[in-house]
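Encoded as structure tokens, the structure appears first; notes follow it.
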Amino acid sequence: MEVDLEQLYVDNSDKVYRFIYLLVRHKETAEDLTQDTFYKAIKNLNHFNNQSSVLTWLLKIARNVTYDHFRRKRIIQFFKWGNENDIDTQNLSPESTAEKNEDLTQLYAALSRLKNDYRDVLILRKVNECSIKETAFILGWTEAKVKTKMSRGFESLRKEFYGKEGFTDGSFKRV
């Protein structure tokens, strides 16, 4: 299989980085794990059998690399909060920036309290915009399990974000 390695990296590195970053919430760690992902992918390129898209294959490697990192470090908490540099605030007013920071912090905090399965499926489907089929491949699940975990994950996120009593306004909806 002849592959332009530089083009492989250019085409996919941002999406792989974003996926890893949402799991680790630490810029330097996400950068390191992204590099590890591409190293493993290039090293195992001969094992890619076109069973999925290249991006889906890379995201599966990224997930495995990230969870290996968590196991090595025995990290239980996946997210770190309060880093204002994590959010693009260049074009927002100070009030909008503060509100956006607060909303995202609350959403990420709620997401971090979910079961790993729920968090993974929500990030893959709604942040990385993977299809159900791609998500099933990355997670090693059936498509039915992805759909079930998505539904339950949304419900859990809704409860975490708006409190156990349910949501207070209609702004949190499934997309």
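In terms of its C-alpha gyration tensor, the stretch 1-79 has a prolate overall shape, because the principal axis ratio a/c (a ≥ b ≥ c, square roots of the eigenvalues) is not below 1.5 and a/b outweighs b/c. Legend: ranking of residues Ile42, Ile20, Ile132 from fewest to most surrounding C-beta atoms inside 10 Å; resulting order Ile42, Ile132, Ile20. Couplings 3J(HN,Hα) of the stretch 61-68, computed from phi: 4, 4, 4, 5, 4, 5, 5, 4 Hz, in residue order, whole Hz [Karplus 6.51 cos²θ - 1.76 cosθ + 1.60, θ = phi - 60°; x for Gly and Pro].
Pairs with C-alpha atoms separated by more than 19 Å, drawn from the list Lys43/Lys126; Lys115/Lys149; Lys15/Lys145; Lys115/Lys147; Lys133/Lys159, are Lys43/Lys126; Lys15/Lys145; Lys133/Lys159.
Bear in mind that the values in this text are calculations on the coordinates, not laboratory data. Note that the structure is predicted; figures quoted are calculated from it, not measured. Every residue, glycine as well, gets a Cβ built from its backbone with ideal geometry; the counts of neighbours run over all protein chains shown.
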